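Nothing in this text is a laboratory measurement; each read-out follows from the coordinates by a stated rule. Model, not experiment: these values are computed from the prediction. Positions of Cβ are backbone-derived with ideal geometry, glycine not excepted, and every protein chain shown enters the neighbour counts.
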Amino acid sequence: MALTAMESGSGSFTSSSLREHYKCFLICILVALSNFQYGFDTAIVNGFQATQGFLRVFGVESQSGVFTIQTVFQQLITSLLQVGLILASLIIGPFSSRFGRRAGFVVASVIAFVGITIQVVVTTQWPLYIGRLLMGIANGIYVNMTVLYISEVAPAHLRGLMVSVFQPFVSIGSLVAAVVSNALHSNLTKHSYQVQLAILYAVPLFLFFVVPFLPESPRWCVVQGDAIQARNCLRRLRPTDSSPESFDSEITTIQEAVDLERKVASTVVWKDIWRGADLRRTLLSIACATFHASCGVNFIVGYGTFFFQIAGQTKPFTSSIIIQSVSVAGALIALPLARQFGRRPLLLSGFSASTICMFAVAVIYTVSPNSAASGKALVALLCIYLGAYSSTIGPLSWVTTGEMSSNHLRSYTFGVAMTIGFFFAWLIVFSTPYFINRTALNWGAKVAWIWAPSNLITVIFISSADFFLPETKGRGLEELDELFYNNVAARHFERYKVRDRIATHRLQSSLDLDDGKPETDIEKVGVPELE
């Protein structure tokens with residue numbers, strides 16, 4: 001997703017520059033609001049699994065007279081959202097290239113309307129599955145289009161900040177959903193879940209009114225050959241007192257980049273991501289894209305309330321509100337942390353905290369399951385866990401995934417990495433009910449024995465600076481091209497002194513291939529030099 005957020009290292013960020021570009025920032029916030037739906041939708045389905053009003057319609061009655069959720073049904077209503085995300089990622093690129101960025105939001109809103117309506121009115125499982133899949137597609141389009149649109153309209157030095165605003169809205173959506181679920185879970189009628197689903201109408205309705213007034217992406221206008229429209233869009237996005245020369249300069253820069261990409265696209269093939277220096281970058285991108293899966297957050301997000309319930313928590317909905325509040329706080333402090341400390345230290349800190357929390361949960365529920373003290377410890381540990389995730393792993397995984405790929409292969413590398421990342425997210429969401437549901441393995445909180453070593457392995461990967469993940473904070477995309485092209489060891493990335501910005505030369509040389517390899521070689525660029 002956030003493949004351009006990494007460019008935040010270039011340029012200088014100040015509060016005055018943000019005030020100067022307030023129009024663009026407000027537009028980005030309006031677009032980012034669409035992701036409230038993703039957080040809200042995920043969280044209410046999480047709560048439905050412990051809501052008797054929902055289970056009386058879609059669950060099964062136990063011998064004690066309490067309605068419970070079947071394992072397969074639980075898997076599908078949660079994992080179909082991930083399938084929809086994958087499908088959206090595959091289709092939205094070609095669609096938005098043809099019809100524009102704003103059109104993507106309109107289509108997503110229509111799909112969301114249909115998906116919400118189906119879920120509100122149906123009382124059988126199979127139509128509900130269709131509604132969940134449609135909501136996954138709508139959410140996937142919103143997420144992808146938000147990042148793409150903001151990346152293309154934001155000024156370069158504010159791009160990282162503006163792209164990052166979508167993450168807090170996801171967390172806020174989850175928090176609001178937890179509050180609403182807590183208020184309605186005691187209602188034993190269908191209204192307990194129908195009201196929650198109906199609240200989702202607010203997002204597509206809001207976008208139907210807002211999108212027509214949004215400027216189109218200037219970059220998309222240039223790609224379509226409409227420089228005049230691109231200039232008009234820039235006028236609405238940039239400060240009122242901007243000079244005509246500044247508009248001309250930005251349009252020219254966009255045009256040159258588009259022309260170069262078109263030339264490169266005629267010579268580059270997807271197999272190039274597995275060759276030479278790009279093989280290392282592809283493997284690193286894939287590794288970073290799976291960070292969300294390796295930390296285990298998908299099972300907390302998808303099954304948190306149900307998880308609290310089967311773990312013996314007397315107030316599972318209240319516990320969900322508490323941990324979602326911590327998640328929002330973590331998302332809000334993520335940006336200043338990243339600007340101050342860099343990628344590797346924060347990722348290492350986040351995964352280390354996650355490792356400790358998961359080991360603690362596993363041990364506590366192995367030694368003393370379902371006790372009141374264990375329940376309190378579970379909430380406290382998951383607060384630490386989600387706080388660490390939201391402020392480090394969550395936002396930085398997207399950033400590092402995009403940074404690891406080269407400029408001319410970014411769409412290929414990022415697409416492969418994200419597809420693999422989404423697959424593992426789906427696998428976790430799909431398989432988790434088998435481990436935690438009382439009608440299956442009934443591990444409950446002891447499922448943390450899976451995520452504790454998974455987090456530990458990731459800690460080892462990140463901390464092995466000599467061989468694996470390098471620090472990329474403050475590096476421009478062209479600088480990263482040079483670092484990887486010169487095969488600089490990960491431990492030397494921070495101290496490496498850039499001698500040449502080789503990206504343009506390398507791209508240009510790739511247009512004149514005679515044997516499938518760029519003419520530029522390491523000797524022309526210069527050997528690695530450390531400060």
With +1 on the Cβ of every Lys and Arg and -1 on the Cβ of every Asp and Glu, and nothing else charged, how large is the dipole of segment 215-267 about its Cα centre, in debye rounded to the nearest 20? 160
Can you give me the C-alpha center-to-center distance between segment 424-495 and segment 258-333, rounded to a whole angstrom? 10
Where a label projected 7 Å from the Cα of Ile91 along Cα→Cβ would reach, residues of segment 132-158 with amide N under 14 Å: 132-142
For the chain, what is the charge dipole size about the Cα centre, in debye to the nearest 20, if Lys and Arg each add +1 at the Cβ and Asp and Glu each add -1 at the Cβ? 1500
Segment 215-267: relative contact order from alpha carbon pairs under 8 Å, six or more residues apart, as a whole percent, is 35
Give me the distance between the Cα centres of segment 393-420 and segment 52-97, rounded to whole Å. 28
In segment 341-441, the trypsin sites (Lys or Arg not before Pro) that sit in a DSSP loop and have at most 16 other Cβ atoms within 10 Å of their own Cβ are Arg438
Length gained if Arg495 through Ala440 is fully extended, taking 0.36 nm per residue and subtracting the Cα-Cα distance, is 14.6 nm
For segment 162-314, calculate the relative contact order in percent as a whole number, restricting contacts to Cα pairs under 8 Å that are 6 or more residues apart. 10
Contact order normalised by length for the chain, with contacts defined as Cα pairs under 8 Å and 6 or more residues apart; what percent is it? 20
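Please work out how much length the chain gains when fully extended from Ser266 to Leu427, using 0.36 nm per residue of separation minus the C-alpha to C-alpha distance, in nm with one decimal.
This chain segment gains 54.4 nm when fully extended.
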Estimated distance in nm for a label pair at Lys376 and Glu61, the labels positioned 7 Å out from Cα along Cα-to-Cβ: 3.8
Distance check, please: which entries in Lys376/Lys446; Lys190/Lys446; Lys315/Lys446; Lys271/Lys497 exceed 21 angstrom between their Cα atoms? Lys190/Lys446; Lys271/Lys497
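If you take the square roots of the eigenvalues of the alpha-carbon gyration tensor of segment 85-132 and sort them as a ≥ b ≥ c, do you get rounded (a/c under 1.5), prolate (a/b over b/c) or oblate?
Oblate.
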Stretch Ser243-Arg280 to full length: gain in nm at 0.36 nm per residue minus the Cα-Cα span? 9.0 nm
Amide H of Tyr496: which non-local residues (sequence gap of 5 or more, or other chain) have their own amide H closer than 5 Å, using H built in the peptide plane? Glu531
Calculated from DSSP helices alone, with each H run of at least 4 adding -39500 (n - 2.57) and the total divided by the residues of the chain, [θ]222 nm to the nearest 500 comes to -22500 deg cm²/dmol
With a ≥ b ≥ c from the Cα gyration tensor eigenvalues, square-rooted, and the rule rounded for a/c under 1.5, otherwise prolate when a/b > b/c and oblate otherwise, segment 380-454 is oblate
As I understand it, the dipole of the chain uses +1 on the Cβ of Lys and Arg and -1 on the Cβ of Asp and Glu, about the Cα centre. Which of Ser97, Val195, Cys295 lies farthest toward its positive end? Val195
Dipole of the chain, positive direction: furthest Cα of Ser405, Phe351, Phe25, with charges on the beta-carbon: Phe351
Just the number, please: Stokes-Einstein D of segment 16-78 in µm²/s, Kirkwood Rh from C-alpha pairs, 25 °C, 0.890 mPa s. 167
